[in-house]
Amino acid sequence: MVLQNDFKRQWELVQGSALEAVRRVGASGRYILGQEVESFEAALADFCGIRHTVGVGNGMDALEISLRCLGLKQGDKVLTTPLSAFATTLAILRSGGFPVFVDVDELGAIDLGQCRQLLERDNSIRFMVPVHLYGFPMSLPELGRLQQDFGLSIVEDCAQAIGASYAGAPVGTVGQAAATSFYPTKNLGAMGDGGAVLSNDATVAEKAKTLRDYGQSSHYAHVEIGLNSRLDEIQAALLHDAFLPYLSQWTDHRRRVACAYHDQIDHPNIQLLRPPSEMNPIWHLFPVRCGEGKRDSLLRHLRSCDIMTGIHYPRIIPDQVALAGKALSHTAVDPTIARRFANEELSLPIHPFLTDQEISTVIDACNKWKE
Ligand SMILES: Cc1ncc(COP(=O)(O)O)c(C=O)c1O
C-alpha cells in the first residue's frame, strides 16, 4: 500500500531520539512552559529565518493569537481564501473577525490581483490572512506591496509551508505575524497537536506569550482575555530532537518525488501544478487536477493499485454548512476557480519515506489510468 503519510517508517527512524527526548522531559519534572519550549522556539526561529517564535497549542490557535496580537477587533473584516483547511477561517471567526473571500489563482492561492481590486473598492478592510497552500509560497513581493499600499495587517498562514521561500525570502517574513501547525501530517509534525506564532516584532511575540497563557503577563497578573494554548514540553522536545533535525532532508526528498512526478507523469487528463521558478515549494502536498467529473474515476483507479490519495479540499469554505446562508462572512468575488479545485483536485502521495519503487508505482498507475 502506498500511503499518504508513513508514520511507522518515521518512527523507525526517530525512535531513539524521540524516546530520549521524552526521558529528558520526564526526568526534568517540568511539563509545561519550560526549557524545552524555549529551546525549540529558538531552533525554529533559526530554521524559519525569523526573530521570534512562540509555541502554542495548535495551528488554529496560532492564527487566532496572531490576529489578536495585531489588534483585530470584533467585526473587523479579514480578507482570506475560500480554499484552505476550515481552521483558517475558523480562527478568524474565533478572534472576532469577519471573513471576506475572493477567488484563488491557478495554483490554489488567494488571487492577489482580486485582493488589490477589492481593497481599492473597500477601504474598511484592514486585515488579511493569506495561505501558502500545498507548500507553494505565494508572491511575497506582491503581498508586501498590498500591505504597504493599503496599510494591511497580515497574518501569513504557513501551516503547510514551513521552509518554503519565494525568490530567496522565507514565507512568514512579510506579514507582521505568521502561524504554523505541527499537526502530525505537516512537514514538521509533532506526535500530537502543536503550533507556533512567528514574527520579527518583539512586541507581537510578547503579546502572543501572554495570550497563550490565560492572558497573564506574570504569574496571576491577567492583562488580556487569553487562551490556554501552550505547546507541551514533551512535544517541544520531540520537535527539537527528533523531527526538526530531519526537516531539510525530508523536504529534499519531497522535492525529488515532485521532480519525478513532473518528469514522468504524462496523462492528458492529469494536470500537474507547476509553480514558477521564483517559488521554492516544500511540497506538503502534490495536488493534481483531473477534468470535471473525472476525479472519482482516478481516485478509484489509484485505490485499485493500492495507492492512497487525498482531496484538498472537497468543499470550499464559504459553502461549509457552518457558514453557508449565515451572515458570518462575505463572498466578495464568486470563487469559481476554488470550486473547480474542490471538484477536480486530487493529492498524490508525497512524503519523506516514499521509496523509488513506490514513486514508480504511482507514476505508472497514473499513466495507465483509463478514464
Ligand atoms: C492551511 C492550514 N491552516 C491552519 C491549520 C490548522 O492547524 P491545526 O490543525 O494545528 O489547528 C491547518 C491544519 O490543518 C492548515 O492546513
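The values are calculated or read from the model by the stated rules, or taken from the named source; none is laboratory data. On a predicted model such as this, the values are computed, not experimentally measured, just so you know. Neighbour counts run over all protein chains shown; Cβ positions are idealised from the backbone, glycine included.
Quick rundown of the values:
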| quantity | calculated |
| --- | --- |
| Number of the condition not met by Cys115 [criteria: (1) more than 18 Å from the chain's Cα centre (by Cα); (2) crowded, with 20+ Cβ neighbours inside 10 Å; (3) in a loop (DSSP other than H, G, I, E, B)] | (3) |
| Of residues in region 93-112 being of a type in the set (Val, Ile, Thr) and more than 15 Å from the chain's Cα centre (by Cα), the one surrounded by the fewest Cβ atoms within 10 Å (Cβ to Cβ) | Val100 |
| Criterion violated by Glu64 - all others in (1) closer than 16 Å to Thr210 by Cα; (2) within 9 Å of the ligand (Cβ to nearest atom) satisfied | (2) |
| Conditions (1) in contact (Cβ under 8 Å) with a residue 40 or more places away in the chain; (2) more than 15 Å from the ligand (Cβ to nearest atom); (3) under 24 Å from Glu345 (Cβ atoms); (4) surrounded by fewer than 24 Cβ atoms within 10 Å (Cβ to Cβ): number failed by Arg126 | (3) |
| Breaking point among (1) away from the ligand (no atom under 15 Å from the Cβ); (2) closer than 24 Å to Arg254 by Cβ; (3) touching a residue at least 60 places away in the same chain (Cβ under 8 Å), for Glu36 | (2) |
| Count - residues of region 217-258 that are more than 21 Å from Tyr31 (Cα to Cα) and touching a Gly at 6+ places or on another chain (Cβ under 9 Å) | 8 |
| Some residue of region 117-124 being touching a strand residue (DSSP E or B) at 6+ places or on another chain (Cβ under 9 Å), charged (D, E, K, R), more than 23 Å from Glu224 (Cα to Cα) and assigned by TED's automatic domain parsing to the domain that holds Glu64 | yes |
| Qualifying residue in region 252-265 (condition: buried (at least 21 other Cβ atoms within 10 Å of the Cβ), outside the structural domain of Glu344 (by TED's automatic domain parsing) and under 20 Å from the mean Cα position of the chain (by Cα)) | no |
| Single match in Gly16, Gly55, Gly34 (criterion: at pLDDT 95 or above and under 19 Å from the mean Cα position of the chain (by Cα)) | Gly55 |
| Single unsatisfied condition, Pro82 versus (1) under 28 Å from Gly192 (Cβ atoms); (2) buried (at least 24 other Cβ atoms within 10 Å of the Cβ); (3) within 13 Å of the ligand (Cβ to nearest atom) | (1) |
| Test: residue in region 156-166 that is within 27 Å of Ile110 (Cα to Cα), assigned to a strand (DSSP E or B) and among the acidic types (Asp, Glu) | yes |
| Cβ pairs under 7 Å, 6+ apart, first in region 340-355 and farther than 15 Å from Leu247 by Cα, second at pLDDT below 95 and acidic (Asp, Glu) | Asn343/Glu292; Glu344/Glu292 |
| Helices (runs of 4 or more DSSP H) (entirely within region 1-93) containing at least 1 residues that are out of contact with any Lys or Arg (no Cβ under 6 Å at 6 or more places or on another chain), of a type in the set (Phe, Trp, Tyr) and within 30 Å of Leu112 (Cβ to Cβ) | 35-48 |
| Filter pass, Ala87 being within 12 Å of the ligand (Cβ to nearest atom) and either hydrophobic (A, V, I, L, M, F, W, C) or not assigned by TED's automatic domain parsing to the domain that holds Ile154 (or both) | yes |
| Selection count where residues are within 12 Å of Val54 (Cα to Cα) and either in contact with an Asp or Glu (Cβ under 9 Å, 6 or more places away or on another chain) or of a type in the set (A, V, I, L, M, F, W, C) (or both), scope region 210-231 | 6 |
| Region 151-208 - residue that is closer than 20 Å to Val78 by Cα and among the acidic types (Asp, Glu) and, of those, nearest to the ligand (Cβ to nearest atom) | Asp157 |
| Filter pass, Glu371 being within 26 Å of Val100 (Cβ to Cβ) and either among the acidic types (Asp, Glu) or surrounded by fewer than 20 Cβ atoms within 10 Å (Cβ to Cβ) (or both) | no |
